[in-house]
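Undergrad: Handing you a structure now.
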Amino acid sequence: MIISIRKFWDNISNHKGLRFSIFVISAWTMIALFAPLFESLLGVGFSNLQPENGLLPPFSSNDDFFHLLGTDYLGRDLLAAMIHGARVAFIIALASVAISLSLGLSVGLLIGFYGDSGIKKNLVQQFIIYVAIVIGIYYLISMISEGVNIYNFVPLLGVVLTSVGLDRLGKKLPIKKYGVPLDIIMQRLFELREGLPGLFIILSIAALISSQSIFSVAVIISILYWMTFARHARAETMRLKEEDYIMSAYSSGVSNFRLLFYHILPNAMPSIFVIIAFTFGAVILLESSLSFLGIGMPVEEVSWGKILAGARKSPKAWWLAVFPGLAIFLVLYSFNNLADYLGQYQRRNDKIE
Amino acid sequence: MSCLAFFLKDNVPTDQVETLLSLQGIEDFSEEYTEAYNRKMTEMGMNLPSFYFSIKNNFTLWISSYKVDSFTKRFANDLAKGRYKETHIVELISTISDLEDKESRNLLICQTPQELLIKLGRLESGLVNSEVISHITTIVKKMEDDRGSWHYPVLSWHGINNQYHNWVSNFIRGNYGVSLVDAQPVYRKLWSSMKWTLMLLIISLVISGLISFILGIYNGINQGSIFDRWSNGILFLFYSIPKFWLATMMIIFFTTAEYGNWTNIFSSVGDWPRMTGFFELIYLSANKLILPIIVIVIPDVAYLSRLIRASIIDENNKEYIKMARSKGVPKRDIILKHLVPNSLGPTITLFAGVLPGALGSSLIIEVIFNIPGIGRLMFESIKTADWAVVFPIIMIVSILTVVTFLLADILIAWLNPKIKLG
């Protein structure tokens, strides 16, 4: 069931739309990676203000530079701005996918594997765990707000160690054991997220945050998107748990850790790849709509959405609206196409087996 | 959900009481400021604890029994959260409150001792005598040196009389408070904008539903035909078009005369008719509504019709359809009596799933096309830090979403007796 890259490549080599998508994605990734290099090749930075050269059409040149895609109303070169915008978009997308993937995958695997009755604790142990979680969150918040110092790090460590120790002790008590309701709690959280209007929440959180940077945008976006990963990882784990080979591994005495990370995780990955491709596109869209609205992104940063927002101020300059929008559209299309194809490929593979 | 909205509301950087007071013309640092602040705070219930319980550090415990006015109490609370000790805080506050000049007294009430020192330096000499200033400085120095270091969380129970409880019960009663920008009642703002958004959403949902049903069913039945392949490819392209790009392009090309008069088809985005009757409103603004509706409909059709097509194909390959076909049931009967009703079920859930997305995208579209709907209200309230409007909007939109999902579930159960509710 694992996608072998060779087989995958053989499959896509006769798929025109997909080849195009992969070309677009890799081209933009290269541009985003080597943005400073491209800008120096261009000879003009995106922050080069020349108000006297404002709103030059494409293929026009002034005394110093040749503006391939024209300039905006402040005389900034559009091509340079778009190259920089690609970097911003890809950094945000990569960061938020990385955060939400790591968080969502681990939570999803855990709750999918253990469910509601996988971890059994008696009431004393459960009480200890909940108290420890509350106290631990208190010290974590203090760590976030004042930085890590001895007055919050040592107590946190102490809480973790004592709770583990007490948990061991509590195990010996002759009381009835109940499952820890991990799954139910997370399911309620996912349902809550379903009911929330995503863009509204992101906008209000972004407006609340005082220090705005690219990474704060990425963190805010991943607050919502990690749950998508967790939900899919959970479903996939629950499906795989019932497979024969997992059962036989379990019955031959493989440890839970090994079962999770060596047997379930690699087999869950193909369907996670679909979500990754899909989320990548969605995050780029979300980031550009945030910067289009002018909320969340720092003022000095250039991004595709911001260039598009500038186009509304000067309707004469069609190039300001067409090119950045085309860039967002192409990237989004490519990622959607890739996600769509990966999904189909995986379904076909499943059917064959 | 209400907890989340309230949590956000509780953590906004602006002080709501302060904003409301400045709306009434009572400026910061004026003599009657403290009294007005206290009065307003009690009126709004902001002096109450914010939730049923709170977890604070052990240095804030004494605050609840500290008998001062709520304006000063806020200061003391902020200091105690920074783990400064009780004796120093009380000494500092009593020194500041004893100042005769009320303006400088109001100025000195601030959140951190560092801020206090800066403000002390800025204070005009002569208003406060230098002895007092040096006294305050020594207290602040002592505070800094003797700052509590080891701290632990304390859980305290506040009971029902708290801000959250009052906020939720007010919300249920329909009492949303007043806007922080123009002191208008929030519900009036909400309802006048809700009409626009609902109108836009209902019209576009009906249109996109009709188009995507026809397209999806037609393509699903004629799977693999040339029309199917082409329309599928084009729809997939449409699906990836960012709505705000489409909207911007349409505004630039179709509402301005920059590219020749022949493209200037639609009236430009400008004033919208004031509230009249609902249908009169549609009639008056139809010319302006065409573009936003097109922008909403195109990606929605792309999304829905592809999914409807998939579920039709799924159904089409089942045994009972083959059976009906081999039995010689007319094609029209197969489609209308078997295929469409049976593939409706998943489609309704999809339709319900479109609504939250449509609300989100209506925000951007309303901002671009300048429609005075709920999305633009939200956007402008965020820009002007009008949090009293933002959080009721979030609540109402999420309630709307939940209700839609519920309705969809009920509808599915009603259509398909195999599914049981509950």
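The values are calculated or read from the model by the stated rules, or taken from the named source; none is laboratory data. Quick caveat, the model's predicted, so the values are computed rather than measured. Every residue, glycine among them, receives a Cβ derived from its backbone with ideal geometry; neighbour counts consider all protein chains shown.
Undergrad: Residue B:197 versus (1) closer than 21 Å to residue B:386 by Cα; (2) touching a residue at least 40 places away in the same chain (Cβ under 8 Å); (3) in contact with a helix residue (DSSP H, G or I) (Cβ under 9 Å, 6 or more places away or on another chain); (4) away from chain A (no Cβ under 14 Å): which is the lone unmet condition?
TA: Every listed condition holds for residue B:197 apart from (4).
Undergrad: Give just the number: which of (1) away from every other protein chain (no Cβ under 14 Å); (2) in a loop (DSSP other than H, G, I, E, B); (3) of a type outside the set (Ser, Thr, Tyr) does residue B:147 not satisfy?
TA: (1)
Undergrad: Do we have residue B:236 as crowded, with 16+ Cβ neighbours inside 10 Å and at pLDDT 85 or above here? Spell out how you get there, then give the answer.
TA: Details: crowded, with 16+ Cβ neighbours inside 10 Å: yes; at pLDDT 85 or above: yes.
It is true that residue B:236 is crowded, with 16+ Cβ neighbours inside 10 Å and at pLDDT 85 or above.
Undergrad: Mind listing whichever residues of the range B:397-422 are closer than 30 Å to residue B:180 by Cα and surrounded by 18 or more Cβ atoms within 10 Å (Cβ to Cβ)? Show your work before the answer.
TA: The first filter runs over the range B:397-422 and keeps only residues closer than 30 Å to residue B:180 by Cα, leaving B:397-403.
If the condition is that a residue be closer than 30 Å to residue B:180 by Cα and surrounded by 18 or more Cβ atoms within 10 Å (Cβ to Cβ), then B:397, B:398, B:400, B:401 are the ones that fit.
Undergrad: Let me ask something additional. Tell me which of these residue B:225 doesn't satisfy, since it passes every other one: (1) under 22 Å from residue B:283 (Cβ atoms); (2) free of Cβ contacts under 8 Å to residues at least 40 places away in the same chain.
TA: (1)
Undergrad: Specify which of the listed residues (B:336, B:304) is closer than 16 Å to residue B:205 by Cα and more than 14 Å from chain A (Cβ to nearest Cβ). I'd like the intermediate steps shown before the answer.
TA: Numbers: B:336 fails: closer than 16 Å to residue B:205 by Cα.
Matching residue, one of B:336, B:304: B:304.
Undergrad: May I pose another question? Within the range A:210-224, restricting attention to residues that are farther than 15 Å from residue A:288 by Cβ and either touching a strand residue (DSSP E or B) at 6+ places or on another chain (Cβ under 9 Å) or part of a helix (DSSP H, G or I) (or both), which residue is farthest from the other protein chains (Cβ to nearest Cβ)?
TA: So in the range A:210-224, the residues farther than 15 Å from residue A:288 by Cβ come out as A:210-213, A:215-216, A:219, A:222-224.
Now restrict to residues that are either touching a strand residue (DSSP E or B) at 6+ places or on another chain (Cβ under 9 Å) or part of a helix (DSSP H, G or I) (or both): A:215-216, A:219, A:222-224.
On the way: A:215: 20, A:216: 14, A:219: 16, A:222: 17, A:223: 11, A:224: 11 Å.
Only one residue fits best here, namely A:215.
Undergrad: Then there's this: Among the residues of the range B:52-79, how many are touching a Cys at 6+ places or on another chain (Cβ under 9 Å) and within 14 Å of another protein chain (Cβ to nearest Cβ)? Working first, answer last.
TA: First pass over the range B:52-79, keeping only residues touching a Cys at 6+ places or on another chain (Cβ under 9 Å): B:75, B:78.
Subset that is within 14 Å of another protein chain (Cβ to nearest Cβ): B:78.
Within the range B:52-79, residues that are touching a Cys at 6+ places or on another chain (Cβ under 9 Å) and within 14 Å of another protein chain (Cβ to nearest Cβ) number 1.
Undergrad: Take the conditions over 30 Å from residue B:400 (Cβ atoms) and either within 14 Å of chain B (Cβ to nearest Cβ) or without any contact (Cβ under 8 Å) to a residue 12 or more places away in the chain (or both) and apply them to residue A:154. Does it pass? Explain how you work it out, then say what you get.
TA: Values: over 30 Å from residue B:400 (Cβ atoms): yes; either within 14 Å of chain B (Cβ to nearest Cβ) or without any contact (Cβ under 8 Å) to a residue 12 or more places away in the chain (or both): yes.
Taking the combined requirement at face value, the residue satisfies it.
Undergrad: Restricting to the range A:225-246, count the residues that are closer than 30 Å to residue A:300 by Cβ and not in a helix (DSSP H, G or I). It would help to see each step written out before you state the result.
TA: Residues of the range A:225-246 closer than 30 Å to residue A:300 by Cβ: A:225-226.
Retained after the next criterion (residues that are not in a helix (DSSP H, G or I)): none.
Final tally of qualifying residues: 0.
Undergrad: Can I ask one more? Let me spell it out: the conditions are (1) modelled with pLDDT under 90; (2) farther than 30 Å from residue A:33 by Cβ; (3) buried (at least 18 other Cβ atoms within 10 Å of the Cβ), and residue A:112 meets all of them except one. Which number is the exception?
TA: The failed condition is (1).
Undergrad: Within the range B:80-93, is even one residue in contact with a Ser or Thr (Cβ under 7 Å, 6 or more places away or on another chain), part of a helix (DSSP H, G or I), more than 14 Å from every other protein chain (Cβ to nearest Cβ) and of a type in the set (Val, Ile, Thr)?
TA: Yes, that holds for at least one residue.
Undergrad: What are the residue pairs meeting all of these: first residue in the range A:316-332, first residue more than 7 Å from chain B (Cβ to nearest Cβ) and within 12 Å of residue A:72 (Cβ to Cβ), second residue crowded, with 21+ Cβ neighbours inside 10 Å and among the aromatic types (Phe, Trp, Tyr), Cβ atoms under 7 Å, and 6 or more apart or on different chains?
TA: Listed by first residue and then by second, the contacts come to A:324/A:304.
Undergrad: Among (1) modelled with pLDDT under 85; (2) of a type in the set (Ser, Thr, Tyr); (3) surrounded by fewer than 16 Cβ atoms within 10 Å (Cβ to Cβ), where does residue B:320 come up short?
TA: Residue B:320 satisfies every listed condition except (1).
Undergrad: Which one of A:307, A:284, A:276, A:295 is within 14 Å of chain B (Cβ to nearest Cβ), surrounded by fewer than 23 Cβ atoms within 10 Å (Cβ to Cβ) and either among the aliphatic types (A, V, I, L, M) or farther than 28 Å from residue B:363 by Cβ (or both)? Break it down stepwise before answering.
TA: On the way: A:307 fails: surrounded by fewer than 23 Cβ atoms within 10 Å (Cβ to Cβ); A:284 fails: surrounded by fewer than 23 Cβ atoms within 10 Å (Cβ to Cβ); A:276 fails: within 14 Å of chain B (Cβ to nearest Cβ).
After ruling out the rest, the residue left standing is A:295.
Undergrad: Something else: In this structure, is residue A:126 closer than 30 Å to residue B:387 by Cα and away from chain B (no Cβ under 14 Å)?
TA: no
Undergrad: Which members of the range A:195-209 meet the condition of being in a loop (DSSP other than H, G, I, E, B) and facing another protein chain (nearest Cβ under 7 Å)?
TA: Keep residues of the range A:195-209 that are in a loop (DSSP other than H, G, I, E, B), which gives A:196-197, A:209.
A:196, A:197, listed by residue number.
Undergrad: If you don't mind, another one. Looking at A:349, A:336 in this structure, which one is at pLDDT below 85 and either more than 9 Å from chain B (Cβ to nearest Cβ) or surrounded by fewer than 24 Cβ atoms within 10 Å (Cβ to Cβ) (or both)?
TA: Values: A:336 fails: at pLDDT below 85.
Only one candidate qualifies: A:349.
Undergrad: Among the residues that make up the range A:247-257, is at least one of them assigned to a helix (DSSP H, G or I) and crowded, with 18+ Cβ neighbours inside 10 Å? Steps first, please.
TA: The initial filter retains those residues of the range A:247-257 that are assigned to a helix (DSSP H, G or I), namely A:247-251, A:256-257.
Retained after the next criterion (residues that are crowded, with 18+ Cβ neighbours inside 10 Å): none.
Looking through the range A:247-257, none of the residues is assigned to a helix (DSSP H, G or I) and crowded, with 18+ Cβ neighbours inside 10 Å.
Undergrad: List every residue pair whose Cβ atoms lie under 7 Å apart, where the two residues are 6 or more positions apart in sequence or sit on different chains, the first residue falls within the range B:238-258 and is within 7 Å of another protein chain (Cβ to nearest Cβ), and the second residue, located anywhere, is part of a loop (DSSP other than H, G, I, E, B) and basic (Lys, Arg).
TA: That search, which allows pairs on different chains as well, returns B:258/A:316.
Undergrad: Could you please find all residues in the range B:214-237 being closer than 25 Å to residue B:295 by Cβ and not in a helix (DSSP H, G or I)?
TA: Those that are closer than 25 Å to residue B:295 by Cβ and not in a helix (DSSP H, G or I): none in the range B:214-237.
Undergrad: Would you please name the residue that is farthest from residue B:187 (Cα to Cα), looking only at residues in the range B:363-375 that are within 14 Å of the chain's Cα centre (by Cα), within 11 Å of chain A (Cβ to nearest Cβ) and in contact (Cβ under 8 Å) with a residue 24 or more places away in the chain?
TA: First, the residues of the range B:363-375 that are within 14 Å of the chain's Cα centre (by Cα): B:363-364, B:373-375.
Imposing the further condition that a residue be within 11 Å of chain A (Cβ to nearest Cβ) reduces the set to B:363-364, B:374-375.
Keeping just the survivors that are in contact (Cβ under 8 Å) with a residue 24 or more places away in the chain gives B:364, B:374-375.
On the way: B:364: 22, B:374: 12, B:375: 15 Å.
Out of the qualifying residues, it is B:364.
Undergrad: For residue A:266, which of the numbered conditions (1) within 14 Å of chain B (Cβ to nearest Cβ); (2) surrounded by fewer than 18 Cβ atoms within 10 Å (Cβ to Cβ) fails to hold?
TA: If we test residue A:266 against (1) within 14 Å of chain B (Cβ to nearest Cβ); (2) surrounded by fewer than 18 Cβ atoms within 10 Å (Cβ to Cβ), just (1) comes out false.
Undergrad: So if I check each of B:312, B:335, which one is more than 28 Å from the chain's Cα centre (by Cα), buried (at least 20 other Cβ atoms within 10 Å of the Cβ) and hydrophobic (A, V, I, L, M, F, W, C)? Walk me through how you get there before you give the answer.
TA: On the way: B:335 fails: buried (at least 20 other Cβ atoms within 10 Å of the Cβ).
On inspection, the qualifying residue turns out to be B:312.
Undergrad: Looking at residue B:384, is it of a type outside the set (A, V, I, L, M), surrounded by fewer than 21 Cβ atoms within 10 Å (Cβ to Cβ), in contact (Cβ under 8 Å) with a residue 24 or more places away in the chain and within 11 Å of chain A (Cβ to nearest Cβ)?
TA: On the way: of a type outside the set (A, V, I, L, M): yes; surrounded by fewer than 21 Cβ atoms within 10 Å (Cβ to Cβ): yes; in contact (Cβ under 8 Å) with a residue 24 or more places away in the chain: yes; within 11 Å of chain A (Cβ to nearest Cβ): yes.
Considered against the rule, which asks whether it is of a type outside the set (A, V, I, L, M), surrounded by fewer than 21 Cβ atoms within 10 Å (Cβ to Cβ), in contact (Cβ under 8 Å) with a residue 24 or more places away in the chain and within 11 Å of chain A (Cβ to nearest Cβ), residue B:384 comes out as yes.
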